[in-house]
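Undergrad: Following this message is one structure expressed as C-alpha coordinates.
The values are calculated or read from the model by the stated rules, or taken from the named source; none is laboratory data. From a predicted model like this one, the values you see are computed outputs, not experimental measurements. Every residue, glycine among them, receives a Cβ derived from its backbone with ideal geometry; neighbour counts consider all protein chains shown. For the accessible areas, the whole protein counts, side chains as well, though only heavy atoms, and no ligand, DNA or RNA atoms are used. Shrake-Rupley method; radii C 1.70, N 1.55, O 1.52, S 1.80 Å.
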Amino acid sequence: MIRLYNTLSRKKELFKPLTKGTVGLYTCGPTVYNYAHLGNLRTYVFEDLLKRVLVYNGLKVKHVMNITDVGHLTGDMDMGEDKLEVGAKREGKSAWDIAKFYEAAFKHDLAALNIIEPTTWCKATAHIKEQINLIKQLAAKGFTYETSDGVYFNTSKIKTYNQLSHLPLAELKEGARVEKNKEKKNPTDFALWKFSPAGAKRQMEWASPWGKGFPGWHIECSAMSLKYLKNNLDIHCGGIDHINVHHTNEIAQSEAATGQKFFNYWLHGAFLNIAGGKKMAKSADNFLRLATLVQSGVNPLAFRFACLQTHYRKPMEYSPKIIANAQKGLEHLYNQIKEQTTNNKQQGKINIKYKEKFLKAINDDLNLPQALAVVQAVFKSTLSGADKRATILDFDQVLGLQLRQGAPVAAIPAAIMKLAQDRQAAREAKNWPLADKLRQQLANKGYLVADSPGGWQLSKK
Ligand code: AMP
Ligand code: ZN
(Lines give C-alpha, C1' and ligand atoms only; values in the text may rest on other atoms or scores of the structure.)
(Ligands and ions follow the chains in the order given, each with its own letter.)
Protein backbone atom coordinates (compact mmCIF):
# COMPACT_ATOMS: atom_id res chain seq x y z
CA MET A 1 0.00 0.00 0.00
CA ILE A 2 1.65 3.18 -1.20
CA ARG A 3 0.25 6.55 -0.20
CA LEU A 4 1.24 9.63 -2.17
CA TYR A 5 0.37 13.29 -1.72
CA ASN A 6 -1.59 14.34 -4.79
CA THR A 7 -1.50 18.05 -5.64
CA LEU A 8 -4.87 17.58 -7.41
CA SER A 9 -6.69 16.70 -4.18
CA ARG A 10 -4.19 18.26 -1.75
CA LYS A 11 -4.35 14.95 0.16
CA LYS A 12 -2.35 11.79 0.63
CA GLU A 13 -4.07 9.15 -1.47
CA LEU A 14 -3.75 5.44 -1.85
CA PHE A 15 -1.83 4.88 -5.07
CA LYS A 16 -3.49 2.67 -7.65
CA PRO A 17 -2.10 2.46 -11.18
CA LEU A 18 -4.47 2.24 -14.14
CA THR A 19 -2.96 -1.07 -15.21
CA LYS A 20 -2.29 -3.55 -12.44
CA GLY A 21 1.43 -3.97 -11.84
CA THR A 22 2.62 -1.22 -14.22
CA VAL A 23 3.08 2.48 -13.55
CA GLY A 24 3.43 5.26 -16.10
CA LEU A 25 5.62 8.06 -14.75
CA TYR A 26 6.25 11.32 -16.59
CA THR A 27 8.81 13.74 -15.20
CA CYS A 28 9.27 17.16 -16.77
CA GLY A 29 12.87 17.36 -17.90
CA PRO A 30 15.38 20.18 -18.19
CA THR A 31 15.47 23.12 -20.53
CA VAL A 32 18.91 22.54 -21.98
CA TYR A 33 20.24 26.08 -22.38
CA ASN A 34 22.43 25.98 -19.30
CA TYR A 35 23.75 23.61 -16.66
CA ALA A 36 21.33 22.15 -14.12
CA HIS A 37 21.77 23.68 -10.67
CA LEU A 38 21.46 21.93 -7.33
CA GLY A 39 17.80 23.01 -7.06
CA ASN A 40 16.89 21.32 -10.34
CA LEU A 41 18.84 18.26 -9.26
CA ARG A 42 16.96 18.08 -5.96
CA THR A 43 13.77 17.64 -8.00
CA TYR A 44 15.33 14.86 -10.10
CA VAL A 45 16.54 13.09 -6.94
CA PHE A 46 12.99 13.23 -5.53
CA GLU A 47 11.63 11.73 -8.77
CA ASP A 48 14.30 9.02 -8.68
CA LEU A 49 13.29 8.13 -5.12
CA LEU A 50 9.66 7.91 -6.19
CA LYS A 51 10.56 5.58 -9.03
CA ARG A 52 12.78 3.41 -6.82
CA VAL A 53 9.99 3.15 -4.21
CA LEU A 54 7.54 1.97 -6.88
CA VAL A 55 10.02 -0.61 -8.16
CA TYR A 56 10.86 -1.76 -4.61
CA ASN A 57 7.13 -2.44 -4.19
CA GLY A 58 7.28 -4.81 -7.15
CA LEU A 59 5.80 -2.47 -9.75
CA LYS A 60 7.09 -2.09 -13.28
CA VAL A 61 7.75 1.57 -14.08
CA LYS A 62 7.56 3.08 -17.55
CA HIS A 63 9.40 6.33 -17.00
CA VAL A 64 9.40 9.09 -19.61
CA MET A 65 11.44 12.28 -19.38
CA ASN A 66 11.47 15.04 -21.95
CA ILE A 67 14.30 17.32 -22.95
CA THR A 68 13.08 20.84 -23.67
CA ASP A 69 15.27 21.97 -26.54
CA VAL A 70 12.95 24.55 -28.09
CA GLY A 71 10.06 26.84 -27.25
CA HIS A 72 10.62 27.60 -23.54
CA LEU A 73 10.55 31.38 -23.51
CA THR A 74 12.22 33.63 -20.95
CA GLY A 75 8.78 34.90 -19.85
CA ASP A 76 6.34 32.29 -18.56
CA MET A 77 3.45 34.03 -20.36
CA ASP A 78 4.66 33.27 -23.89
CA MET A 79 6.64 36.46 -24.16
CA GLY A 80 10.36 37.03 -24.40
CA GLU A 81 13.10 35.07 -26.10
CA ASP A 82 13.52 31.35 -26.62
CA LYS A 83 15.93 30.22 -23.89
CA LEU A 84 17.85 28.07 -26.38
CA GLU A 85 18.49 31.12 -28.56
CA VAL A 86 19.59 33.06 -25.46
CA GLY A 87 22.12 30.30 -24.74
CA ALA A 88 23.27 30.27 -28.36
CA LYS A 89 23.91 34.03 -28.35
CA ARG A 90 25.67 33.86 -24.99
CA GLU A 91 28.12 31.23 -26.20
CA GLY A 92 28.38 32.00 -29.90
CA LYS A 93 27.18 28.50 -30.85
CA SER A 94 24.10 27.24 -32.67
CA ALA A 95 20.94 26.50 -30.66
CA TRP A 96 21.33 22.85 -31.70
CA ASP A 97 24.87 22.68 -30.31
CA ILE A 98 23.78 24.35 -27.08
CA ALA A 99 21.03 21.74 -26.64
CA LYS A 100 23.42 18.87 -27.34
CA PHE A 101 26.06 20.13 -24.94
CA TYR A 102 23.75 20.80 -21.99
CA GLU A 103 21.80 17.59 -22.50
CA ALA A 104 25.07 15.67 -22.15
CA ALA A 105 26.02 17.72 -19.07
CA PHE A 106 22.62 17.00 -17.53
CA LYS A 107 22.92 13.25 -18.09
CA HIS A 108 26.38 13.36 -16.57
CA ASP A 109 24.94 14.97 -13.40
CA LEU A 110 22.18 12.35 -13.20
CA ALA A 111 24.75 9.55 -13.39
CA ALA A 112 26.90 11.17 -10.69
CA LEU A 113 23.84 11.24 -8.42
CA ASN A 114 23.08 7.58 -9.17
CA ILE A 115 19.73 8.56 -10.70
CA ILE A 116 18.32 5.75 -12.82
CA GLU A 117 17.79 6.84 -16.42
CA PRO A 118 14.21 6.98 -17.73
CA THR A 119 12.94 4.18 -19.93
CA THR A 120 12.30 6.77 -22.65
CA TRP A 121 14.05 10.08 -23.29
CA CYS A 122 12.22 12.37 -25.69
CA LYS A 123 13.15 15.70 -27.18
CA ALA A 124 10.70 18.45 -28.10
CA THR A 125 12.42 19.01 -31.46
CA ALA A 126 12.01 15.31 -32.34
CA HIS A 127 8.24 15.45 -31.76
CA ILE A 128 7.08 18.43 -33.81
CA LYS A 129 4.64 16.28 -35.81
CA GLU A 130 2.96 14.98 -32.63
CA GLN A 131 2.65 18.51 -31.25
CA ILE A 132 1.15 19.84 -34.49
CA ASN A 133 -1.35 16.95 -34.51
CA LEU A 134 -2.44 17.74 -30.97
CA ILE A 135 -2.93 21.42 -31.83
CA LYS A 136 -4.95 20.34 -34.88
CA GLN A 137 -7.24 18.31 -32.61
CA LEU A 138 -7.70 21.31 -30.32
CA ALA A 139 -8.41 23.58 -33.30
CA ALA A 140 -11.00 21.13 -34.66
CA LYS A 141 -12.78 21.18 -31.30
CA GLY A 142 -12.81 24.98 -31.15
CA PHE A 143 -10.34 25.49 -28.30
CA THR A 144 -7.88 27.68 -30.22
CA TYR A 145 -7.66 31.09 -31.85
CA GLU A 146 -4.96 32.91 -33.78
CA THR A 147 -3.29 36.21 -32.99
CA SER A 148 -0.57 38.04 -34.92
CA ASP A 149 2.16 36.07 -33.09
CA GLY A 150 0.73 32.58 -32.73
CA VAL A 151 -2.02 30.07 -32.04
CA TYR A 152 -3.46 30.28 -28.54
CA PHE A 153 -5.48 28.02 -26.25
CA ASN A 154 -8.70 29.62 -25.04
CA THR A 155 -8.73 28.84 -21.31
CA SER A 156 -12.24 30.25 -20.82
CA LYS A 157 -13.56 27.11 -22.55
CA ILE A 158 -12.33 24.93 -19.70
CA LYS A 159 -14.44 25.05 -16.56
CA THR A 160 -11.88 23.13 -14.49
CA TYR A 161 -8.87 25.26 -15.46
CA ASN A 162 -7.85 25.74 -11.80
CA GLN A 163 -8.25 22.09 -10.75
CA LEU A 164 -4.53 21.72 -10.00
CA SER A 165 -3.60 25.16 -8.70
CA HIS A 166 -6.77 25.50 -6.58
CA LEU A 167 -6.33 29.25 -7.02
CA PRO A 168 -9.39 31.41 -7.54
CA LEU A 169 -9.54 32.09 -11.29
CA ALA A 170 -9.31 35.82 -10.64
CA GLU A 171 -5.97 35.29 -8.91
CA LEU A 172 -4.60 33.16 -11.75
CA LYS A 173 -5.59 35.89 -14.17
CA GLU A 174 -3.91 38.50 -12.02
CA GLY A 175 -0.64 36.53 -12.16
CA ALA A 176 -0.91 36.20 -15.91
CA ARG A 177 -1.41 39.91 -16.33
CA VAL A 178 2.19 40.74 -15.37
CA GLU A 179 3.24 40.32 -18.97
CA LYS A 180 0.55 41.73 -21.21
CA ASN A 181 -0.34 40.42 -24.61
CA LYS A 182 -3.23 42.61 -25.76
CA GLU A 183 -4.40 40.12 -28.37
CA LYS A 184 -5.08 37.34 -25.86
CA LYS A 185 -8.78 36.82 -25.15
CA ASN A 186 -8.09 35.87 -21.52
CA PRO A 187 -4.94 36.63 -19.50
CA THR A 188 -4.46 32.91 -18.74
CA ASP A 189 -4.55 31.86 -22.42
CA PHE A 190 -1.28 30.38 -23.60
CA ALA A 191 0.58 29.76 -26.86
CA LEU A 192 0.35 26.40 -28.58
CA TRP A 193 2.32 27.52 -31.62
CA LYS A 194 4.37 30.69 -32.06
CA PHE A 195 5.13 32.21 -35.45
CA SER A 196 8.70 32.96 -36.48
CA PRO A 197 9.10 36.75 -36.40
CA ALA A 198 8.35 38.34 -39.78
CA GLY A 199 11.46 38.84 -41.88
CA ALA A 200 13.70 36.93 -39.46
CA LYS A 201 14.86 33.34 -39.67
CA ARG A 202 14.97 31.42 -36.44
CA GLN A 203 17.57 28.68 -35.99
CA MET A 204 14.81 26.27 -35.01
CA GLU A 205 11.59 26.57 -37.00
CA TRP A 206 9.13 24.29 -38.77
CA ALA A 207 6.26 24.54 -41.24
CA SER A 208 2.75 24.10 -39.78
CA PRO A 209 -0.84 24.55 -41.01
CA TRP A 210 -0.79 27.99 -39.35
CA GLY A 211 2.57 29.21 -40.59
CA LYS A 212 6.26 28.76 -39.98
CA GLY A 213 7.22 28.76 -36.32
CA PHE A 214 7.82 26.63 -33.26
CA PRO A 215 5.74 24.94 -30.52
CA GLY A 216 4.83 26.61 -27.23
CA TRP A 217 6.53 25.10 -24.18
CA HIS A 218 3.57 23.25 -22.60
CA ILE A 219 2.38 21.33 -25.66
CA GLU A 220 5.50 19.14 -25.82
CA CYS A 221 4.81 17.45 -22.48
CA SER A 222 1.18 16.75 -23.43
CA ALA A 223 2.10 15.37 -26.86
CA MET A 224 4.93 13.18 -25.60
CA SER A 225 3.21 11.84 -22.49
CA LEU A 226 0.09 10.98 -24.52
CA LYS A 227 2.30 9.25 -27.08
CA TYR A 228 4.47 7.20 -24.74
CA LEU A 229 2.13 6.62 -21.78
CA LYS A 230 -1.20 6.39 -23.57
CA ASN A 231 -2.65 3.72 -21.29
CA ASN A 232 -0.53 4.50 -18.26
CA LEU A 233 -1.25 8.11 -17.39
CA ASP A 234 -0.54 7.54 -13.71
CA ILE A 235 1.96 9.98 -12.20
CA HIS A 236 3.26 13.32 -13.48
CA CYS A 237 5.95 15.21 -11.56
CA GLY A 238 7.96 18.39 -11.42
CA GLY A 239 8.99 21.14 -9.03
CA ILE A 240 6.30 23.24 -7.30
CA ASP A 241 6.95 26.13 -9.70
CA HIS A 242 5.26 24.03 -12.41
CA ILE A 243 1.89 23.86 -10.65
CA ASN A 244 0.25 27.16 -11.59
CA VAL A 245 1.28 27.51 -15.22
CA HIS A 246 3.06 24.61 -16.92
CA HIS A 247 1.13 21.69 -15.41
CA THR A 248 -2.15 23.62 -15.28
CA ASN A 249 -1.84 24.27 -19.02
CA GLU A 250 -0.77 20.70 -19.79
CA ILE A 251 -3.93 19.42 -18.09
CA ALA A 252 -6.19 21.96 -19.82
CA GLN A 253 -5.00 21.19 -23.36
CA SER A 254 -4.70 17.40 -22.88
CA GLU A 255 -8.16 17.00 -21.36
CA ALA A 256 -9.64 19.32 -24.00
CA ALA A 257 -8.09 17.27 -26.81
CA THR A 258 -8.84 13.77 -25.52
CA GLY A 259 -12.03 14.45 -23.56
CA GLN A 260 -10.53 12.23 -20.85
CA LYS A 261 -8.74 12.66 -17.58
CA PHE A 262 -5.03 13.31 -18.07
CA PHE A 263 -2.78 12.03 -15.22
CA ASN A 264 -4.36 10.76 -11.98
CA TYR A 265 -1.56 11.75 -9.58
CA TRP A 266 0.44 14.98 -9.64
CA LEU A 267 3.47 15.12 -7.35
CA HIS A 268 5.58 18.22 -6.80
CA GLY A 269 8.92 18.66 -5.09
CA ALA A 270 9.62 21.70 -2.90
CA PHE A 271 12.50 24.06 -3.63
CA LEU A 272 16.09 24.04 -2.68
CA ASN A 273 16.71 27.46 -1.23
CA ILE A 274 19.85 29.25 -0.23
CA ALA A 275 20.13 30.61 3.32
CA GLY A 276 17.34 33.11 3.96
CA GLY A 277 14.76 31.16 1.94
CA LYS A 278 15.68 32.47 -1.52
CA LYS A 279 15.03 29.98 -4.34
CA MET A 280 18.08 28.75 -6.24
CA ALA A 281 17.42 29.76 -9.85
CA LYS A 282 19.21 29.75 -13.19
CA SER A 283 18.42 33.42 -13.63
CA ALA A 284 19.80 34.47 -10.22
CA ASP A 285 23.38 34.76 -9.07
CA ASN A 286 22.90 32.02 -6.47
CA PHE A 287 23.31 29.29 -9.06
CA LEU A 288 25.42 26.35 -7.84
CA ARG A 289 26.32 23.32 -9.91
CA LEU A 290 27.05 19.78 -8.81
CA ALA A 291 30.45 19.99 -10.53
CA THR A 292 31.35 22.92 -8.27
CA LEU A 293 30.67 20.79 -5.20
CA VAL A 294 32.63 17.90 -6.66
CA GLN A 295 35.56 20.17 -7.43
CA SER A 296 35.68 21.21 -3.80
CA GLY A 297 36.09 17.57 -2.75
CA VAL A 298 32.44 16.63 -2.14
CA ASN A 299 31.17 13.22 -3.18
CA PRO A 300 28.08 13.87 -5.35
CA LEU A 301 26.26 11.20 -3.35
CA ALA A 302 26.65 13.42 -0.28
CA PHE A 303 24.25 15.81 -2.03
CA ARG A 304 21.92 12.89 -2.69
CA PHE A 305 22.17 11.93 0.99
CA ALA A 306 21.33 15.54 2.00
CA CYS A 307 18.22 15.34 -0.23
CA LEU A 308 17.18 12.10 1.48
CA GLN A 309 17.40 13.79 4.87
CA THR A 310 14.68 16.32 3.99
CA HIS A 311 11.18 15.23 3.01
CA TYR A 312 10.55 16.15 -0.64
CA ARG A 313 7.60 18.42 0.20
CA LYS A 314 9.60 20.50 2.67
CA PRO A 315 11.85 23.31 1.52
CA MET A 316 15.51 22.31 1.76
CA GLU A 317 18.21 24.75 2.63
CA TYR A 318 21.55 24.73 0.90
CA SER A 319 24.65 25.78 2.81
CA PRO A 320 28.25 24.51 2.66
CA LYS A 321 27.80 23.36 6.27
CA ILE A 322 24.77 21.21 5.43
CA ILE A 323 26.70 19.57 2.58
CA ALA A 324 29.78 19.03 4.79
CA ASN A 325 27.57 17.36 7.42
CA ALA A 326 25.94 15.19 4.77
CA GLN A 327 29.39 14.16 3.56
CA LYS A 328 30.33 13.18 7.12
CA GLY A 329 27.04 11.31 7.53
CA LEU A 330 27.58 9.38 4.30
CA GLU A 331 31.14 8.52 5.26
CA HIS A 332 29.88 7.25 8.60
CA LEU A 333 27.34 5.07 6.80
CA TYR A 334 30.03 3.62 4.53
CA ASN A 335 32.17 2.85 7.58
CA GLN A 336 29.23 1.25 9.40
CA ILE A 337 28.59 -1.05 6.43
CA LYS A 338 32.28 -1.85 6.10
CA GLU A 339 32.43 -2.94 9.76
CA GLN A 340 29.69 -5.49 9.13
CA THR A 341 31.64 -6.82 6.15
CA THR A 342 34.97 -7.24 7.88
CA ASN A 343 33.45 -8.99 10.88
CA ASN A 344 31.21 -11.29 8.90
CA LYS A 345 32.11 -13.12 5.77
CA GLN A 346 28.98 -15.32 5.67
CA GLN A 347 25.89 -14.47 3.62
CA GLY A 348 23.23 -12.69 5.68
CA LYS A 349 19.44 -12.66 5.49
CA ILE A 350 17.16 -9.67 4.93
CA ASN A 351 15.33 -9.07 8.20
CA ILE A 352 11.58 -8.98 7.56
CA LYS A 353 10.68 -6.98 10.67
CA TYR A 354 12.96 -4.10 9.68
CA LYS A 355 12.00 -4.39 6.03
CA GLU A 356 8.38 -3.84 7.05
CA LYS A 357 9.35 -0.73 9.02
CA PHE A 358 11.34 0.55 6.05
CA LEU A 359 8.43 -0.09 3.69
CA LYS A 360 6.03 1.64 6.05
CA ALA A 361 8.23 4.76 5.98
CA ILE A 362 8.84 4.94 2.22
CA ASN A 363 5.25 4.05 1.37
CA ASP A 364 4.01 6.92 3.51
CA ASP A 365 4.51 9.57 0.81
CA LEU A 366 8.24 8.82 0.53
CA ASN A 367 9.21 9.47 4.13
CA LEU A 368 12.94 9.03 3.54
CA PRO A 369 14.03 10.78 6.77
CA GLN A 370 12.06 8.09 8.64
CA ALA A 371 13.56 5.39 6.39
CA LEU A 372 17.07 6.60 7.30
CA ALA A 373 16.10 6.26 10.98
CA VAL A 374 15.18 2.62 10.25
CA VAL A 375 18.65 2.12 8.75
CA GLN A 376 20.23 3.34 11.99
CA ALA A 377 17.86 1.14 14.03
CA VAL A 378 19.16 -1.87 12.07
CA PHE A 379 22.76 -0.97 12.91
CA LYS A 380 21.86 -0.63 16.59
CA SER A 381 19.86 -3.88 16.66
CA THR A 382 21.00 -7.26 17.93
CA LEU A 383 20.96 -8.76 14.42
CA SER A 384 24.14 -10.48 13.24
CA GLY A 385 26.54 -8.32 11.23
CA ALA A 386 25.79 -10.37 8.11
CA ASP A 387 22.02 -9.86 8.51
CA LYS A 388 22.47 -6.14 9.15
CA ARG A 389 24.49 -5.84 5.98
CA ALA A 390 22.04 -7.86 3.87
CA THR A 391 19.07 -5.84 5.19
CA ILE A 392 20.64 -2.44 4.59
CA LEU A 393 21.97 -3.34 1.15
CA ASP A 394 18.41 -4.33 0.29
CA PHE A 395 17.21 -0.87 1.42
CA ASP A 396 19.90 0.70 -0.75
CA GLN A 397 17.86 -0.24 -3.83
CA VAL A 398 15.74 2.74 -2.75
CA LEU A 399 18.38 4.94 -1.10
CA GLY A 400 20.74 4.67 -4.08
CA LEU A 401 23.80 5.55 -2.00
CA GLN A 402 26.01 2.80 -3.44
CA LEU A 403 26.50 1.26 -0.01
CA ARG A 404 27.80 -1.99 -1.47
CA GLN A 405 30.67 -0.31 -3.23
CA GLY A 406 31.11 2.28 -0.47
CA ALA A 407 32.41 4.84 -2.95
CA PRO A 408 35.35 6.61 -1.31
CA VAL A 409 34.46 9.95 0.20
CA ALA A 410 37.89 10.80 1.53
CA ALA A 411 38.37 14.48 0.83
CA ILE A 412 40.96 15.21 -1.84
CA PRO A 413 43.96 17.04 -0.35
CA ALA A 414 43.93 20.79 -0.90
CA ALA A 415 47.27 20.73 -2.76
CA ILE A 416 45.87 18.23 -5.28
CA MET A 417 42.71 20.29 -5.68
CA LYS A 418 44.84 23.36 -6.37
CA LEU A 419 46.75 21.53 -9.13
CA ALA A 420 43.45 20.45 -10.73
CA GLN A 421 42.05 23.99 -10.54
CA ASP A 422 45.25 25.44 -12.05
CA ARG A 423 45.02 22.88 -14.84
CA GLN A 424 41.43 23.95 -15.54
CA ALA A 425 42.51 27.61 -15.61
CA ALA A 426 45.30 26.69 -18.07
CA ARG A 427 42.77 24.88 -20.28
CA GLU A 428 40.43 27.85 -20.24
CA ALA A 429 43.37 30.07 -21.27
CA LYS A 430 44.12 27.47 -23.99
CA ASN A 431 47.62 27.03 -22.52
CA TRP A 432 47.77 23.36 -23.47
CA PRO A 433 51.46 22.71 -22.58
CA LEU A 434 50.87 23.98 -19.03
CA ALA A 435 47.60 22.01 -18.77
CA ASP A 436 49.46 18.84 -19.84
CA LYS A 437 52.28 19.50 -17.38
CA LEU A 438 49.80 19.87 -14.52
CA ARG A 439 47.97 16.71 -15.57
CA GLN A 440 51.31 14.87 -15.40
CA GLN A 441 52.02 16.31 -11.94
CA LEU A 442 48.62 15.06 -10.77
CA ALA A 443 49.38 11.62 -12.24
CA ASN A 444 52.74 11.55 -10.43
CA LYS A 445 50.88 12.15 -7.17
CA GLY A 446 48.45 9.33 -7.94
CA TYR A 447 45.43 11.23 -9.32
CA LEU A 448 43.71 10.98 -12.66
CA VAL A 449 41.73 13.91 -14.00
CA ALA A 450 38.86 13.30 -16.39
CA ASP A 451 37.02 15.95 -18.40
CA SER A 452 33.38 15.64 -19.32
CA PRO A 453 30.52 17.99 -20.21
CA GLY A 454 29.67 18.04 -16.49
CA GLY A 455 33.11 19.43 -15.60
CA TRP A 456 36.39 17.88 -14.49
CA GLN A 457 36.62 15.16 -11.90
CA LEU A 458 39.50 13.65 -9.96
CA SER A 459 39.91 10.01 -9.09
CA LYS A 460 42.66 8.02 -7.41
CA LYS A 461 44.76 5.88 -9.73
P1 AMP B 1 13.98 23.80 -15.79
O2 AMP B 1 15.24 23.20 -16.36
O3 AMP B 1 14.13 25.23 -15.41
O4 AMP B 1 12.77 23.56 -16.68
O5 AMP B 1 13.68 23.05 -14.40
C6 AMP B 1 13.86 21.68 -14.21
C7 AMP B 1 13.18 21.20 -12.93
O8 AMP B 1 13.77 21.80 -11.77
C9 AMP B 1 11.69 21.54 -12.85
O10 AMP B 1 10.98 20.40 -12.37
C11 AMP B 1 11.62 22.69 -11.85
O12 AMP B 1 10.38 22.70 -11.20
C13 AMP B 1 12.75 22.33 -10.90
N14 AMP B 1 13.33 23.45 -10.12
C15 AMP B 1 13.71 24.68 -10.55
N16 AMP B 1 14.28 25.42 -9.55
C17 AMP B 1 14.28 24.63 -8.44
C18 AMP B 1 14.73 24.79 -7.07
N19 AMP B 1 15.33 25.88 -6.64
N20 AMP B 1 14.55 23.73 -6.22
C21 AMP B 1 13.97 22.58 -6.65
N22 AMP B 1 13.53 22.37 -7.91
C23 AMP B 1 13.68 23.37 -8.81
ZN1 ZN C 1 6.55 19.47 -18.66
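Undergrad: Taking into account only those residues within region 116-138 that are in contact with a helix residue (DSSP H, G or I) (Cβ under 7 Å, 6 or more places away or on another chain) and in a helix (DSSP H, G or I), which is nearest to Asp396 (Cα to Cα)?
TA: Ala124
Undergrad: Between Asp149, Asp189, which is closer than 21 Å to Met77 by Cα and either over 29 Å from the mean Cα position of the chain (by Cα) or among the polar types (S, T, N, Q) (or both)?
TA: Result of the check over Asp149, Asp189: Asp149.
Undergrad: Here are some conditions: (1) open to solvent by 20 Å² or more (accessible area, probe 1.4 Å); (2) within 16 Å of ligand 2 (Cβ to nearest atom). Asn57 meets all but one. Which one does it not meet?
TA: Asn57 satisfies every listed condition except (2).
Undergrad: Of the residues Leu293, Leu288, which single one is open to solvent by 20 Å² or more (accessible area, probe 1.4 Å), farther than 22 Å from Cys237 by Cα and not in a strand (DSSP E or B)?
TA: Leu288
Undergrad: Condition (residue is β-branched (Val, Ile, Thr) and either part of a loop (DSSP other than H, G, I, E, B) or open to solvent by 10 Å² or more (accessible area, probe 1.4 Å) (or both)) applied to region 214-230: is it met by at least one residue?
TA: No, region 214-230 contains no residue that is β-branched (Val, Ile, Thr) and either part of a loop (DSSP other than H, G, I, E, B) or open to solvent by 10 Å² or more (accessible area, probe 1.4 Å) (or both).
Undergrad: Please find, within region 12-40, the residue that is modelled with the lowest pLDDT out of those that are over 23 Å from Asn273 (Cβ atoms) and within 16 Å of ligand 2 (Cβ to nearest atom).
TA: Val32
Undergrad: Now a separate question. Just need a number here: residues in region 41-54 that are aromatic (Phe, Trp, Tyr) and more than 15 Å from ligand 2 (Cβ to nearest atom).
TA: Going through region 41-54 one residue at a time, the tally reaches 1.
Undergrad: While we're here: What pairs come out if I take residues in region 100-111 that are at pLDDT 95 or above and assigned to a helix (DSSP H, G or I) and pair them with residues that are among the hydroxyl-bearing types (Ser, Thr, Tyr) and crowded, with 19+ Cβ neighbours inside 10 Å whose C-beta lies under 7 Å away, six or more apart or interchain?
TA: Leu110/Tyr44
Undergrad: If a residue counts only when it is touching a helix residue (DSSP H, G or I) at 6+ places or on another chain (Cβ under 7 Å), which strands (runs of 3 or more DSSP E) contained entirely in region 1-71 have at least 3 such residues?
TA: 22-27, 60-67
Undergrad: Return the pair list, or none, for Cβ contacts closer than 7 Å from residues in region 6-20 that are touching a residue at least 12 places away in the same chain (Cβ under 8 Å) to residues that are basic (Lys, Arg) and outside any loop (DSSP other than H, G, I, E, B), at least 6 apart or on different chains.
TA: Lys12/Arg3; Glu13/Arg3; Leu14/Arg3; Phe15/Arg3
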